[in-house]
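The values are calculated or read from the model by the stated rules, or taken from the named source; none is laboratory data. Please read these numbers as outputs of a predicted model, since none were measured by experiment. Because the Cβ atoms are built from the backbone with ideal geometry, glycine has one as well, and the counts that use them run over all protein chains shown. In case anyone asks, the SASA skips ligands and DNA or RNA and just uses the protein heavy atoms, side chains included. Shrake-Rupley method; radii C 1.70, N 1.55, O 1.52, S 1.80 Å.
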Amino acid sequence: MRALTRKLLRDLFRLKSQAAAIAGVVAAGVAVSVLGLCNLETLAQSQARFYDQQRFADVFVSLTRAPLALARRLGDVPGVAAVEPRIVGQVLVDMPAVAEPVSARMVSMPVGHRPVLNDIALRSGRELSGGRLEVLVSEPFAAAHRIRPGGSLTVIINNRRRTLTVVGIALSPEFIYAISPGGVFPDDRRFGVLWMAEDELAAAFDLTGAFNDAAIKLTPAASVADVIARLDPLLSPFGGPGAYGRADQMSHWYLEGELAELRTTGQILPYVFAAVAAFLLNIVVSRLIATQREQIGLLKAFGYSSWAIARHYATFSLVIALAGVLVGVPLGVSLGWMLSGLYGEFFHFPEMVFLVPTPGIVTAAAAAAAVTVAGSLFAVRGALRLSAADAMRPPRPATFRRTVIERLGLRAVLPPWFRIVLRNVERRPFRALLSITAVALSVAIMLLGALTDSLEFIIETELEVAQRQTSTVTFVEPRPRRVITELASFDGVLHVEPFRLVPVTFRSGPWSHRGSITGMPTSASLVRPLDPARHALRLPDDGVVLSEKLARKLHVARGATLLIEVREGTRPVRSVVVVDTVQDYLGTPAYMNLAALNRVLREGPAISGAHLLTDARAEARLYDRLKETPGVAGFFSTRAARRSVRETIQRSMATSLSFLVAMAGMIAFGVAYNTSRIALSERAWELATLRVMGFTRGEIGLILLTEVALLVIMAIPLGLLLGLGLGHLVSAAFDSEQYRIPAVFARSSYGFSALVVMTAAVVSGAIVWRLLGRLDLIAVLKTRE
């Protein structure tokens with residue numbers, strides 16, 4: 001075995017605890033990267049496989065009513081490969097186990113042949129046979145209500161109550177992520193999907209010989225935008241939102257947002273961990289080279305080149321990094337497998353096989369190792385600059401000057417041991433700064449783990465401050481505003497506020513966005529947009545108020561003019577002025593005064609639904625009345641939504657946040673322990689000298705541990721500021737159309753982060769205290785003059 005190899009093994013063994021702590025930090029970063037890559041690959045491949053097998057459409061069409069002859073004309077449009085006309089409608093389901101009305105989306109299915117597009121995957125039971133009032137039920141909804149083939153459902157279709165026989169359970173690529181209109185997360189107890197024979201559903205919705213929805217497949221070379229531009233003139237006479245691409249299809253939109261989030265996570269967090277490990281390695285290797293000056297000189301005297309010695313210390317860093325990689329990869333795969341089960345609760349595929357993308361993992365592991373080793377190269381330069389003669393001489397003594405303490409006259413006030421601590425910190429500012437920075441980084445990462453604070457802030461803002469209604473009712477089609485009087489007369493209704501929801505396409509120069517405008521009364525008190533201080537914003541008499549995200553996407557500011565293309569009715573095109581922007585965290589909403597929106601649409605006082613404030617004691621009677629009310633298409637319970645969202649977040653975030661906190665705790669301990677060990681290594685000669693002069697073990701321990709404690713105390717405020725900065729960085733990275741995560745941390749999170757790091761410092765101090773008891777005074781005091 002070569003001499004440098006033996007030296008490498010001895011150094012690793014001697015510094016095994018410090019090396020293990022740094023390897024743990026590397027492992028944490030690699031594990032975060034690997035679990036993200038595994039889940040990204042698993043979701044992306046499951047999506048691609050399901051889309052391909054069930055022939056998921058590229059373009060979707062929604063109309064009010066059109067003759068079947070139109071479907072043939074759509075098929076003749078250049079770029080269109082196939083058209084599947086359908087009937088789609090929103091219904092209420094009377095579920096005995098759920099008090100409030102349950103919403104469902106009904107989709108027609110051809111009988112006797114498979115759908116050309118958007119085919120279903122039958123999970124149990126049989127297909128529709130054209131029998132009287134048969135239905136297929138989406139698997140998540142069936143599981144939530146324990147529905148099995150052979151059971152029955154009571155559905156209110158087009159104001160008529162019907163009992164349907166469940167013949168099968170199915171999944172569709174169109175509803176991988178199924179949420180009700182107005183929902184935030186899937187709620188399988190209150191929203192489901194039902195498939196019914198085409199002729200029966202057409203008769204139920206009075207659409208015999210017609211259709212109101214279509215799925216379109218494009219040829220490989222076709223452009224989605226070009227085809228939609230050709231389709232729109234054909235669709236405009238038949239009302240409805242018209243054509244839109246797969247990118248705007250709700251389920252696909254949310255799934256793509258989750259995939260983008262996984263990509264972002266893999267691009268940020270692993271390198272934060274690797275940077276901390278690189279920083280620690282730089283400190284350790286610098287100290288190792290400083291304490292091995294004589295050995296470096298002897299090696300050079302015996303003919304070893306500077307590059308060979310530098311390579312030796314780089315290999316020391318590489319071994320630690322590789323150890324972290326070897327632990328981090330299987331840890332990340334295991335955690336990824338655990339989290340894939342959580343994804344299965346939100347995204348419903350017939351088959352979701354957990355995948356391990358080997359090439360991506362190898363690349364990520366190599367990048368983490370490279371970043372870690374690169375952090376030590378600055379220290380390795382010190383070994384290159386040392387000549388054999390200089391290395392074999394003791395380092396030049398430091399030049400000491402009067403400290404601030406002495407100049408301020410505090411020498412007589414402070415005890416001797418504390419003056420020693422302050423002198424050491426002040427006279428070696430760079431060394432102290434390195435230690436403070438290392439500890440501060442661990443505090444920052446620990447604070448970054450408190451993501452639930454931001455999520456709780458979003459829930460409180462969106463579902464409690466902005467939305468104070470207890471429930472929301474939507475209608476099949478716009479109704480006259482006088483229906484509000486009828487709703488207000490229902491038992492248990494305390495207050496009613498109407499709203500108008502209009503699908504539009506916003507255009508500003510070359511930029512566009514497919515969304516909607518919500519019209520509400522000026523004096524709205526149940527649902528209202530908020531200003532940055534979370535105060536209710538009074539809607540102006542004219543103009544539109546945009547969310548900040550939408551305003552940025554359209555590149556508009558206050559005072560700008562927007563073109564809006566209404567996607568219902570006669571599809572008018574209007575110009576409106578942007579009068580203000582609001583900070584929203586979910587979606588990209590736009591608001592207008594209800595009367596102003598009615599004027600822009602040149603319609604009477606029409607509304608799309610109403611927000612209700614209800615008396616909990618009379619809600620059961622209210623729900624029964626709503627189920628019998630003609631024209632009601634959907635019902636949304638805000639109270640149930642709040643409960644569902646919190647349960648979802650707790651279930652989905654518990655594992656991932658526990659892992660992140662555990663990794664941050666590992667970093668905190670690794671940093672605190674390395675800081676304490678390095679301090680002991682640097683001060684060993686001084687401490688041994690004090691012991692010989694008569695200081696007790698307790699006194700020299702007090703000097704060393706007080707210095708470490710002082711550095712930790714100085715690092716905590718800096719770490720909290722760094723954590724807040726990292727939070728804003730992550731917030732900017734997760735700024736998507738689906739949601740924005742603000743960098744909001746509760747006071748308890750700041751305290752918890754500081755407490756964990758202080759606990760790690762105390763544990764590290766206890767270990768160093770034991771090492772002080774075994775300090776070999778003779779060996780430490782041996783030095784060449």
(request) Tell me, please, whether a residue that is among the hydroxyl-bearing types (S, T, Y), in a loop (DSSP other than H, G, I, E, B), open to solvent by 30 Å² or more (accessible area, probe 1.4 Å) and more than 25 Å from D58 (Cβ to Cβ) can be found in segment 223-239. (result) no
(request) Only residues that are in contact (Cβ under 8 Å) with a residue 24 or more places away in the chain and more than 26 Å from S637 (Cβ to Cβ): list them for segment 571-591, please. (result) R571, P572, R574, V576, V577, V578, V579, D580, T581
(message) What are the pairs with Cβ atoms under 7 angstrom where one residue, in segment 68-86, is farther than 12 Å from L235 by Cα and the other, located anywhere, is hydroxyl-bearing (S, T, Y) and open to solvent by less than 30 Å² (accessible area, probe 1.4 Å)? Sequence gap at least six, or different chains.
(response) R86/S108
(message) Which count do you get for residues in segment 703-749 that are assigned to a helix (DSSP H, G or I), among the hydroxyl-bearing types (S, T, Y) and in contact with a Gly (Cβ under 8 Å, 6 or more places away or on another chain)?
(response) 0
(request) Go through the residues of segment 311-329 one by one and say whether even a single one is closer than 19 Å to L40 by Cβ, part of a helix (DSSP H, G or I), touching a helix residue (DSSP H, G or I) at 6+ places or on another chain (Cβ under 9 Å) and modelled with pLDDT of 80 or more. (result) yes
(request) Find all pairs meeting these conditions: Cβ atoms under 6 angstrom apart; at least six residues apart or on different chains; first residue within segment 700-712 and of a type in the set (D, E, K, R); second residue open to solvent by less than 10 Å² (accessible area, probe 1.4 Å). (result) E707/V421
(request) Run down L63, L68, L12, L37 and say which single residue is closer than 28 Å to G257 by Cβ, open to solvent by 30 Å² or more (accessible area, probe 1.4 Å) and of a type outside the set (S, T, N, Q). (result) L37
(request) Determine whether segment 500-523 contains at least one residue that is in contact with a Gly (Cβ under 8 Å, 6 or more places away or on another chain), among the β-branched types (V, I, T) and closer than 23 Å to R643 by Cβ. (result) no
(message) So in segment 411-454, with the set limited to residues that are β-branched (V, I, T) and over 15 Å from A709 (Cα atoms), which one is least open to solvent (accessible area, probe 1.4 Å)?
(response) I445
(request) Just give me the residues in segment 203-215 being touching a Phe, Trp or Tyr at 6+ places or on another chain (Cβ under 8 Å) and either polar (S, T, N, Q) or over 30 Å from T638 (Cα atoms) (or both), in sequence order. (result) N212, A214, A215
(request) Can you give me the number of residues within segment 733-769 that are open to solvent by 70 Å² or more (accessible area, probe 1.4 Å), among the hydrophobic types (A, V, I, L, M, F, W, C) and more than 27 Å from G701 (Cβ to Cβ)? (result) 1
(request) Have a look at G543, G559, G587 and point out the one that is over 22 Å from T461 (Cα atoms) and open to solvent by less than 50 Å² (accessible area, probe 1.4 Å). (result) G543
(message) Pull out all pairs, ordered by first then second residue, where Cβ-Cβ is under 7 Å, the residues are six or more apart or on different chains, the first lies in segment 56-67 and is more than 14 Å from G240 (Cβ to Cβ), and the second is open to solvent by 30 Å² or more (accessible area, probe 1.4 Å) and assigned to a strand (DSSP E or B).
(response) A57/K217; D58/K217
(request) Consider only pairs whose beta carbons are under 9 Å apart and that are at least six residues apart or on different chains; among these, list those whose first residue lies in segment 269-284 and is hydrophobic (A, V, I, L, M, F, W, C) and whose second residue is open to solvent by 10 Å² or more (accessible area, probe 1.4 Å) and not in a helix (DSSP H, G or I). (result) V284/L15
(request) Of the numbered conditions (1) at pLDDT below 90; (2) closer than 24 Å to G130 by Cα, E84 fails exactly one; give the number of that condition. (result) (1)
(message) Take V496 and tell me if it is crowded, with 21+ Cβ neighbours inside 10 Å and either in contact with a Gly (Cβ under 7 Å, 6 or more places away or on another chain) or without any contact (Cβ under 8 Å) to a residue 24 or more places away in the chain (or both).
(response) no
(request) For segment 605-621, enumerate the residues that are open to solvent by less than 40 Å² (accessible area, probe 1.4 Å) and at pLDDT below 85. (result) E619
